[in-house]
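The values are calculated or read from the model by the stated rules, or taken from the named source; none is laboratory data. The model shown is predicted, which means the values in this text are computed figures rather than measured ones. Counting neighbours? That spans all protein chains shown, and the Cβs are built from the backbone with ideal geometry, glycine included. Surface areas here come from the heavy atoms of the whole protein model, side chains and all, with no ligands, DNA or RNA. Shrake-Rupley method; radii C 1.70, N 1.55, O 1.52, S 1.80 Å.
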Amino acid sequence: PFNQRWASSLPMNTVVLFVPQQEAWVVERMGRFHRILEPGLNFLIPILDRIRYVQSLKEIVIDVPEQSAVSLDNVTLQIDGVLYLRILDPLKASYGVEDPEYAVTQLAQTTMRSELGKLTLDKVFRERESLNHNIVNSINQAAEDWGIKCLRYEIKDIHVPPRVKESMQMQVEAERRKRATVLESEGQREAAINVAEGCKQSQILASEGEKAEQINQAAGEAQAILAKAEAKSRAIKLLSEALAEQNGGAAASLSVAEQYVAAFSNLAKESNTLLLPANTSDITGMVTQAMSIYSTLAKPSGRLEALSSGTSEKQSEAPPSPSLSSQ
């Protein structure tokens with residue numbers, strides 16, 4: 001039987017032939033390669049020409065059987081895949097290899113074993129795309145002489161031993177628990193930081209409010225003291241002016257008598273203990289005593305003025321001190 005791959009059966013060797021689209025018919029004349037029939041109308045010489053191979057130029061899908069491979073960390077894996085091919089040169093595909101399908105399938109299996117041996121189990125699952133790319137490059141380098149180009153290679157399933165699968169599941173669960181614990185701790189830390197920042201800001205605001213309150217209170221007390229002092233100075237000034245006028249002493253005596261009577265009337269209201277003078281009925285004597293105290297306090301100021309004026313007069317009458325002359 002004639003060798004044919006991925007195409008229809010061999011047609012009858014007649015004079016007039018119609019080649020379908022996306023197919024290449026390899027013709028031999030007297031046992032040697034003669035030409036490749038293009039799609040459309042073609043003519044052959046009976047007996048001399050013979051159609052030996054029919055190659056399909058469509059994309060071909062080959063199911064790579066499941067095989068075992070050992071990873072870099074000595075884990076045995078069962079892997080199968082799908083291979084996508086296309087014939088670029090029908091001549092090389094017909095005469096370059098006896099069975100292109102079998103050759104490409106074996107090449108894909110051996111390449112997959114060698115590539116898996118370079119990776120650990122974890123990287124096999126993470127780097128499936130790079131693994132497929134490496135297998136395609138390796139197949140294209142070897143299949144170039146066969147007129148075949150590998151378009152894609154996809155890994156369908158990866159089966160691991162049951163014990164390894166259980167350990168991987170435990171590892172995944174532990175990793176998830178670790179992430180959950182880390183996230184929970186980070187959340188608690190953020191919450192504690194937020195609470196501490198809030199307490200700090202509240203304390204700062206409270207201290208600033210207390211500081212402002214104390215400043216305002218001190219300013220108010222200072223203004224009150226100044227107002228009281230100014231009022232007292234004005235009162236003293238007015239009192240001194242009133243005392244300097246005529247009948248000022250009589251007015252002062254009347255004021256002292258009124259204050260005495262008012263203070264004496266409030267003694268029994270504010271305390272249970274009473275301090276009474278020996279002669280409570282002699283109000284005139286008390287007023288006289290108060291006025292004598294006032295007169296006594298007012299005399300030294302007059303004496304000081306007299307002393308200061310006398311001292312200045314004596315200094316003006318004193319003779320100048322003699323000066324010493326040098327010989």
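Taken together, Gly147, Gly187 contain a single residue that is at positive phi and of a type in the set (Gly, Ala, Ser), which is Gly147. Per the conditions (1) closer than 30 Å to Tyr95 by Cβ; (2) among the aliphatic types (A, V, I, L, M); (3) open to solvent by 30 Å² or more (accessible area, probe 1.4 Å), the sole criterion not satisfied by Met112 is (3).
Somewhere in segment 95-115, is a residue at pLDDT 85 or above and farther than 30 Å from Ile158 by Cα? Yes; the residues of segment 95-115 include at least one that is at pLDDT 85 or above and farther than 30 Å from Ile158 by Cα.
This table checks each residue for (1) surrounded by 13 or more Cβ atoms within 10 Å (Cβ to Cβ); (2) touching a residue at least 12 places away in the same chain (Cβ under 8 Å); (3) in contact with a strand residue (DSSP E or B) (Cβ under 8 Å, 6 or more places away or on another chain).
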position	(1), (2), (3)
Phe18	no, yes, yes
Val26	yes, yes, yes
Met30	no, yes, no
Arg35	yes, no, yes
Asn42	yes, yes, yes
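Sort out which residues of segment 156-203 are within 30 Å of Asp63 (Cα to Cα) and free of Cβ contacts under 8 Å to residues at least 60 places away in the same chain, and write them in order of number. Correct list: Pro162, Arg163, Lys165, Glu166, Met168, Gln169.
For segment 144-155, a residue qualifies if it is touching a residue at least 40 places away in the same chain (Cβ under 8 Å) and under 14 Å from Leu88 (Cβ atoms), and the qualifying residues are Asp145, Trp146, Gly147, Ile148, Lys149, Cys150, Leu151. The helices (runs of 4 or more DSSP H) located wholly in segment 86-170 that include 3 or more residues which are closer than 15 Å to Val64 by Cα occupy 100-116, 128-143. Residues that are open to solvent by 70 Å² or more (accessible area, probe 1.4 Å) and not charged (D, E, K, R) were ranked within segment 49-70; the one that is nearest to the chain's Cα centre (by Cα) is Val70. Taking the criterion of being open to solvent by 100 Å² or more (accessible area, probe 1.4 Å) and among the acidic types (Asp, Glu), the only residue of segment 164-178 that qualifies is Glu166.
Only one residue in Asp99, Asp89, Asp73, Asp122 is surrounded by fewer than 17 Cβ atoms within 10 Å (Cβ to Cβ) and within 22 Å of Trp25 (Cβ to Cβ). Which one? Answer to the selection: Asp99.
Answer with yes or no whether Lys200 is more than 25 Å from the chain's Cα centre (by Cα) and either in a helix (DSSP H, G or I) or acidic (Asp, Glu) (or both). No.
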